[in-house]
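Have a look at the structure below, then the notes.
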Amino acid sequence: MICRLMEKNIDTRRVNILDYIGEFKFLGGSRASNYMDAVTGAEISWDEMTMVFNSYKGIYMFKRNKKNTNFLDGEVYYHPLKWNFRVNQYEAIAFTGDGEKIDIDYRTGKYL
């Protein structure tokens, strides 16, 4: 399920209600693969034409042709990420300052 909270609607003195955008079935199949495709980060481009999500398995990009239309009605792209659960962790995604590239927060760690 994809929802949004418009900045102009945020009120820190009350519970804020999200606007329902729609649903997208990310890659998956088994319970383990569905967990691995859990979204850990999202970003919308400065021109509001592209939305990206990252999961442990890959990056999803949604591009729309016109503003104020549903991202889920546009084109969808997927780019798999190399992932080794013992060392990799992808937690966040953002557009670079020029809005032309995507930067993903990549963490490495060791299990004790």
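The values are calculated or read from the model by the stated rules, or taken from the named source; none is laboratory data. In this text, all values refer to a predicted model and were calculated from it rather than measured experimentally. Reconstructed Cβ throughout: ideal geometry from the backbone, glycine too, with neighbour counts over all protein chains shown. Please note that ligands, DNA and RNA were not included when accessible areas were found on the heavy atoms of the full protein model with its side chains. Shrake-Rupley method; radii C 1.70, N 1.55, O 1.52, S 1.80 Å.
Points worth noting:
- Contacts under 6 angstrom Cβ, first residue in the range 63-82 being surrounded by 11 or more Cβ atoms within 10 Å (Cβ to Cβ), partner among the β-branched types (Val, Ile, Thr), 6 or more apart: Lys63/Thr50; His79/Ile59
- Selection status of Ala94, surrounded by 11 or more Cβ atoms within 10 Å (Cβ to Cβ), modelled with pLDDT under 85 and within 11 Å of the chain's Cα centre (by Cα): no
- Any hit, the range 36-52, residues being under 16 Å from the mean Cα position of the chain (by Cα), loosely packed, with under 13 Cβ neighbours inside 10 Å, modelled with pLDDT of 85 or more and not acidic (Asp, Glu): yes
- Cβ pairs under 7 Å, 6+ apart, first in the range 5-32 and more than 22 Å from Gly74 (Cβ to Cβ) and modelled with pLDDT of 80 or more, second open to solvent by 100 Å² or more (accessible area, probe 1.4 Å) and β-branched (Val, Ile, Thr): none
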